[in-house]
Amino acid sequence: MRFLSGYFGKRTADKARKNFLWGGASLIALGILLLIPTGFEGALQFQDAVKCKVVVLDCDNSSLIDTGIIRTGQQICKIKFLSGKFKGQENQGWNMLSGSLSQDKIFRPGDKVQAVVHHDGEKIISVNLIDYFRLEGELILAMAFALFLVIFARGIGLRSVFSFFLTILVLWKILVPLFLKGYNPILFGLIALATMTFLILALVYGFDRRLLVSFCGSMSGILFAMLLSIICSKAFHIHGAVMHNSEALLYSGFQDLNLTWIFMASVCVGASGSVMDLSVDITSAVHEVVANAPEISRSRAIKSGMNVARAAMGTMTTTLLLAYSGTCLAMLMTFMAQGTPVYNILNNNVVASEIINTIAGSFGLAMTAPLTALIAGSLFTKKADFTKA
């Protein structure tokens, strides 16, 4: 434990031991989530083919057809396998273009590419060039992010890294498979969000009163956002098909899915991060106030929490607006370039869905802030000693 005590600086050995145990528990939780099957492993495309990394040696663009800014046809590339069963061998790869700027790409010599190889034993039948190979860059970016958090915030940063990957795994291993299997998106979305919120807040605070306060505050905002998303989706006649790739999902054999319910659940998922952040800010602020002034009255502690809540809400609602606006910036530019009246823009179903996202999330924040301040001021002033929490 000397190493841990030194690593966490001024932290006591007990707190260092606590962080160490939390880290171990988090690793176990992450390991369990990684091992949980989604139930859709058998639906993997090209499961009988070899997926590998190749490098482009030369390109033949003579079969490409240019029609303005759109290209169709096929690009034939000479490639060398960098991984997989045929590592070290050279062959010919095919890059098929469909005329979609968002999906098509033109490779150049030296590019690292993801490829799918169809073969018969040792004989290569065809090599399809799928996309640029980005896994190494993404891994480096994730490791840099994790390292920065650990160096900057130490124990809390390490727990933040765990919570980040825990969130990814809960969404991918639990929430998405449940939705695909037809479970009620609203009910099971709330259950998954409640579980994820509890685990993340437990990593931040451990099991003390701050966990209870921040969890209650977060769930109040999430529940209110869910209720508002249901009401507004029905009132504005929003169909879940406004979500990107939702129609492709139906055509993939999932016609029975209720896209509108999934859209309602997605509103809560999008708002839950900001709601949780605001709840933690207020909880920590009130806790620090009471810890440094144990004689403070309950009403003054609640008032302090309300003041923090008002200041935080001023930027949090704008954060949601900017986050959702950023995802549809190209659409807004198109509206302006075409001279679409604001009257028509606001009546557009996609714009209306983003308004629901923003307003429901903002209302969730508005509900979270005062409730968290009220609960925190009430619970934290019941005892005089807050230094052990």
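The values are calculated or read from the model by the stated rules, or taken from the named source; none is laboratory data. Owing to the predicted nature of the structure, the values given are computational and were not obtained by experimental measurement. Neighbour counts run over all protein chains shown; Cβ positions are idealised from the backbone, glycine included. Areas reflect the complete protein model, heavy atoms only, side chains present, ligands, DNA and RNA absent. Shrake-Rupley method; radii C 1.70, N 1.55, O 1.52, S 1.80 Å.
Basic side chains Lys and Arg get +1 at the Cβ, acidic Asp and Glu get -1 at the Cβ, and with that the dipole of region 87-174 about its Cα centre reaches some 420 debye. For the chain, the orientation-averaged shadow of the C-alpha convex hull comes to 24.8 nm² (one quarter of the hull surface).
If you take all other residues with their beta carbon under 14 Å from the beta carbon of PHE165, and give Lys and Arg +1 and Asp and Glu -1, the sum is +1. Note on the chain: with a GNM built from Cα contacts shorter than 10 Å, the maximum mean-square fluctuation among LEU201, LEU171, LEU97 falls on LEU97.
Cross-link pairs exceeding 32 Å in C-alpha to C-alpha distance, out of LYS85/LYS181; LYS181/LYS234; LYS173/LYS234, comprise LYS85/LYS181. Take the Cα pairs of region 242-389, get the Kirkwood Rh, then feed it into Stokes-Einstein at 10 °C and 1.306 mPa s and tell me D in µm²/s. It comes out at roughly 89 µm²/s. Just checking the listed ones, VAL290, VAL204, VAL50: in the Gaussian network model of the chain with Cα springs under 10 Å, the one fluctuating most is VAL50. Remark: accessible surface ordering of MET367, MET143 (largest first) is MET143, MET367, probe radius 1.4 Å. Along its three principal directions, the equivalent ellipsoid of region 158-257 from the Cα gyration tensor extends over semi-axes of 29, 18, 10 Å, largest first. Per the Debye formula on identical point scatterers at the alpha carbon atoms of region 171-222, with no solvent, log10 I(q)/I(0) at q = 0.14, 0.27, 0.29 Å⁻¹ is -0.40, -0.95, -1.03. Scattering from region 243-291 was approximated by placing one identical point on each alpha carbon and applying the Debye formula without solvent; log10 I(q)/I(0) at 0.28 1/Å stands at -0.97.
At the residue level, GLU138 shows approximately 100 square angstrom of accessible surface with a 1.4 angstrom probe and all protein chains present. Applying the criteria of a DSSP loop state and at most 12 other Cβ atoms within 10 Å to the trypsin sites (Lys or Arg not before Pro) of region 103-189 yields ARG134.
Taking all protein chains together, PHE188, PHE335 sort by accessible area into PHE188, PHE335, largest first [probe 1.4 Å]. Distance between the C-alpha centres of region 357-383 and region 234-306: 12 Å, rounded to the whole angstrom. Each Lys and Arg adds +1 at its Cβ and each Asp and Glu adds -1 at its Cβ; summed about the Cα centre, region 163-313 shows a dipole of about 280 debye.
Derived scalar couplings between HN and Hα for region 284-295 equal 5, 5, 5, 4, 5, 4, 6, 5, 8, 9, x, 7 Hz in order, rounded to whole Hz, by the Karplus curve 6.51 cos²θ - 1.76 cosθ + 1.60 (θ = phi - 60°), x for Gly and Pro. Computed over protein heavy atoms with a 1.4 Å probe, the accessible surface of region 244-389 works out to 53 Å² per residue. In the context of the full protein assembly, ASP208 retains an accessible surface of approximately 40 Å², using a probe radius of 1.4 Å and ignoring ligands and nucleic acids. Mean residue ellipticity at 222 nm, helices only, the chain: -20500 deg cm²/dmol; runs of at least 4 DSSP H residues each add -39,500 (n - 2.57), and the sum is divided by the number of residues. Here the chain exposes an accessible surface that is 65 percent carbon and sulfur, computed with a 1.4 Å probe and the other protein chains kept in place.
Per-residue accessible area (protein heavy atoms, 1.4 Å probe) orders CYS59, CYS268 as CYS59, CYS268, starting from the largest.
Placing unit charges on each Cβ (+1 for Lys and Arg, -1 for Asp and Glu) gives the chain a dipole about its Cα centre, and among PRO370, THR319, VAL269 the Cα reaching farthest toward its positive end belongs to PRO370.
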